[in-house]
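Participant: Once you've had a glance at the structure underneath, I'll fire off some questions.
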Amino acid sequence: MPKDFVPVPLSELKTFTNGEFYDDEFSKGRYSTDASIYQIQPLAVFIPKSKDDVIKAVNFCLNNNISILPRGGGTSQCGQTVNRSLVIDNSKYFNKIIDFDEKNKTCTVEPGIVLDELNKFLKPFGLWFPVDVSTSSRATIGGMAGNNSCGGRSLKYGMMRDNVLSIEAILNDGKEYCFGDIDIDELRINLEDMITKYVDGKYKFDLNPSGSFVKGGPAGDTGLTGRKIVVDAYGPTVPVGGGAFSGKDPSKVDRSAAYAARHLAKNIVAHNLADKCQIRVAYAIGKAEPYELSVDTFGSQKEKDSVVNDFVSKFGMKPGVIIERLDLLNVNYREDTLFSHFGHENRNWEKIEDI
Ligand SMILES: Cc1cc2nc3c(=O)[nH]c(=O)nc-3n(C[C@H](O)[C@H](O)[C@H](O)COP(=O)(O)OP(=O)(O)OC[C@H]3O[C@@H](n4cnc5c(N)ncnc54)[C@H](O)[C@@H]3O)c2cc1C
């Protein structure tokens, strides 16, 4: 299908909704920028006046294979609010406070309300919404939720996900859904329904095998200096997950399994089984055995798969085994991870084993 294929004129939206519709060059130009460097004209702009308008527009796009782009203040910095899509702008008519409970300090708002407006309302009660993004005079609560925004005080008060109790949403299939506290059994049933639709044959399904897991963010994951390894690496050669190394004890596989993967990959190359090697390993919290352990030699393998597999099996990858093999309880992390965690010969995970 051509990139900008639109089978029916989008202006048909005008015939069965009450929202405002714009597809003139000036309006499309106005919505072709956010705070990013991308400048992409939308197909058209729709400004709904009611929930019914939104549902109708979403169904129309679904039936006609048109992508949708919700938009609040448009202050996103990474191009999230520009694309060849139908822009649905919630900021003009969905900016009301629906309900306020002073005693419980909770508020129900429409997605297009701007943060400063919400805080203006809360001020006489001695309250304020604690996610203080610097774009507060433009940013909407809907856009902040979309971006999981943080503010200067997020270490103390948390980010959006810590301050939003529930969201009533219209999904891209036009269905309404309430995201809030979820019953784990209901989630299990829904997920299993979905899995059987897409996965053939046998599978094993673990849902939160360690039980409820609610503590996240800096308090749960890292110490003072723990930052995402992706951020530290500024675009690494090796794809990594989101975890940080620093500040974590080696029972956390973010750290220990990364060291173990390095150890294994280096040994595979050193033992002349391949010229290049990348190890991929995945865990679920609460399960010792990795869910995945795979070896990619990028076509440079020099021995049969069975030889490589046999070699790999000598490197246990359960967290406890890794800690023991690399003696991770006796590492001086402060010293040993200075100027990169990798590449210094005296570290245990850099050693070439005598196998
Ligand atoms: C100078 C500058 C400073 C910034 N400072 C901060 C900061 O301190 N902290 C921070 O976290 N961010 C910051 N940002 C990024 C951005 O301003 C915030 O993330 C802001 O909260 C986004 O709100 P918005 O209403 O402009 O959302 P938009 O940019 O319009 O949208 C954000 C995302 O949410 C989606 N979205 C919008 N509305 C809805 C909806 N109703 N339903 C579903 N999805 C929706 C959009 O599609 C998009 O993906 C900054 C940006 C700039 C330019």
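The numbers here are math on the coordinates, done by the rules we state, and not lab data. Everything numeric in this text was worked out from a predicted model, so none of it was measured. Positions of Cβ are backbone-derived with ideal geometry, glycine not excepted, and every protein chain shown enters the neighbour counts.
Participant: Return a whole-number percent for the relative contact order of the chain, with Cα pairs under 8 Å and 6 or more residues apart as the contact set.
Facilitator: Relative contact order comes out at 9 percent.
Participant: A further question on this structure: May I ask you to list the residues of region 119-139 whose amide nitrogen lies under 19 Å from a point 7 Å from Cα along the Cα→beta-carbon direction of Leu165?
Facilitator: Under 19 Å, as judged by backbone N against the label point of Leu165, lie 119, 121-123, 125-131 of region 119-139.
Participant: Give me the number: length gained by fully extending Arg280 to Ile37, i.e. 0.36 nm times residue separation minus the C-alpha to C-alpha distance, one decimal in nm.
Facilitator: 84.1 nm
Participant: Which order do the peptides 348-355, 182-189 take when ranked by the mean count of other beta-carbon atoms within 10 Å per residue, highest first?
Facilitator: Ranking the peptides 348-355, 182-189 by packing returns 348-355, 182-189.
Participant: Could you tell me the relative contact order of region 231-350? Use alpha-carbon pairs under 8 Å, at least six residues apart, and round to a whole percent.
Facilitator: 24 percent
Participant: Follow-up question, since we're still on this one. Quick one: compute the contact order of region 86-161, relative version, from alpha carbon pairs under 8 angstrom and 6+ residues apart, as a percent.
Facilitator: Values: 115 pairs, mean separation 18.8, N = 76.
It comes to 25 percent, rounded to a whole number.
Participant: Using a simple spin-label model with points 7 Å from Cα along the Cα→Cβ vector, what separation in nm is obtained for Lys175 and Tyr157?
Facilitator: If labels sit at Lys175 and Tyr157, their model points lie 3.5 nm apart.
Participant: Another question, then. Run the numbers for Leu329 and Ile97: contour at 0.36 nm per residue of separation, minus the present Cα-Cα distance, in nm.
Facilitator: 78.2 nm
Participant: So, one more: Looking at the chain only, what percent of DSSP beta bridges run antiparallel? Nearest 5 please. Could you put the intermediate results ahead of the total?
Facilitator: Working: 19 of 26 bridges.
For the chain, the DSSP antiparallel bridge percentage is about 75.
Participant: Right, here's the next one. Highest mean first, how do 53-60, 40-47, 311-318 rank when packing is the count of other Cβ atoms within 10 Å averaged over residues?
Facilitator: The peptides rank, most packed first, as 40-47, 53-60, 311-318.
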